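Asker: First the structure, which I've put down as structure tokens, then a few questions once you've had a look.
The values are calculated or read from the model by the stated rules, or taken from the named source; none is laboratory data. The structure displayed is predicted, hence computed values, not measured ones. Because the Cβ atoms are built from the backbone with ideal geometry, glycine has one as well, and the counts that use them run over all protein chains shown. To get the accessible areas, we keep the full protein, side chains included, count just its heavy atoms, and leave off ligands, DNA and RNA. Shrake-Rupley method; radii C 1.70, N 1.55, O 1.52, S 1.80 Å.
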Amino acid sequence: MTGFTAANPDFAALVRKSVLSMPFAKLLGFDYSRIEPGETEIVLPYRDELSFRPGFFAGAVVGSLADFAAVSATFTLVPAGWLVSTVDYDVKVVAPPAGEKLVARGRVIKPGSTLLFGEAQVFVEKGGRETLCAVCLATAKAAQIR
């Protein structure tokens with residue numbers, strides 16, 4: 001629990017609907033397993049189309065999932081009628097992403113009115129065991145929908 005309070009009571013439904021309707025999110029095929037104020041968790045099962053060689057997720061997939069998790073966490077804190085977009089993110093792969101699924105856990109580091117900062121840790125699961133495979137820092141910009 002982060003101690004953050006969502007400004008929008010429908011934050012979870014909005015995050016899920018907005019993000020999962022994006023064509024790239026559909027292409028990746030991930031889903032949220034948790035959406036709380038200031039936190040998200042995304043799960044992505046392995047598919048050969050997401051690999052750079054059999055059994056290994058491609059680095060671009062790991063980085064994209066980390067970005068989605070970190071920035072989605074910031075999205076949980078913006079008021080109704082606002083959206084967020086990624087301004088910048090940096091991902092470091094710290095272990096081979098070889099396994100049955102990726103689990104990305106995003107959380108807000110510092111909220112703000114227009115710039116929000118989040119982080120994500122990405123784990124690869126193999127045989128029921130999670131291993132940290134990447135870390136991410138992200139900056140998101142919030143803007144009112146016009």
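Asker: Taking 25 °C and 0.890 mPa s as the conditions, I'd like the Stokes-Einstein D for the chain in µm²/s, using the Kirkwood hydrodynamic radius from alpha carbon pairs.
Answerer: Translational D for this selection: 163 µm²/s.
Asker: Okay, next question. Just the accessible area for residue 42, please: 1.4 Å probe, Å², rounded to the nearest 10?
Answerer: 0 Å²
Asker: Rank 139, 114, 5, 74 by accessible area, highest first, at a 1.4 Å probe radius?
Answerer: Output order, biggest surface exposure first: 5, 114, 139, 74.
Asker: A further question follows. Mind checking which of 68, 112, 145 is farthest towards the positive end of the chain's charge dipole, using Cβ charges of +1 (Lys, Arg) and -1 (Asp, Glu) about the Cα centre?
Answerer: The listed residue farthest towards the positive side: 145.
Asker: Let's see if you can work this out: charge +1 on each Lys and Arg Cβ, -1 on each Asp and Glu Cβ, no other charges. What is the dipole magnitude of the range 1-66 about its Cα centre, in debye to the nearest 20?
Answerer: Charge dipole of the range 1-66: 160 debye, to the nearest 20.
Asker: Right, here's the next one. Note the angle between two axes, namely the Cα long axis of helix 59-75 and the longest principal axis of the Cα atoms of the chain, as a number of degrees from 0 to 90, rounded to the nearest 10.
Answerer: 20 degrees
Asker: Taking every Cα atom in the range 30-91, find the radius of gyration and the maximum pairwise distance Dmax, and write them in Å.
Answerer: 13.4, 42
Asker: May I ask you to derive the relative contact order of the range 1-62, considering only C-alpha pairs under 8 Å and at least 6 residues apart, and to give it as an integer percent?
Answerer: 26 percent
Asker: Find how much the distance from residue 129 to residue 115 grows on full extension, using 0.36 nm per residue of separation minus their present alpha carbon separation; answer in nm with one decimal.
Answerer: Gain in length upon complete extension: 1.5 nm.
Asker: With just the Cα atoms defining each centre, how far is the range 78-146 from the range 44-60? Give it in Å.
Answerer: 19 Å
Asker: Please identify which residues in the range 62-90 have an amide N closer than 16 Å to a label point set 7 Å out from the Cα of residue 137, following the Cα→Cβ vector.
Answerer: Of the residues in the range 62-90, 67, 70-71, 87-90 have backbone N under 16 Å from the label point off residue 137.
Asker: Using only helices, what value at 222 nm comes out for the chain when you add -39,500 (n - 2.57) per DSSP H run of length 4 or more and divide by the total residues, to the nearest 500 deg cm²/dmol?
Answerer: So the helix-based figure for the chain works out to -7000 deg cm²/dmol.
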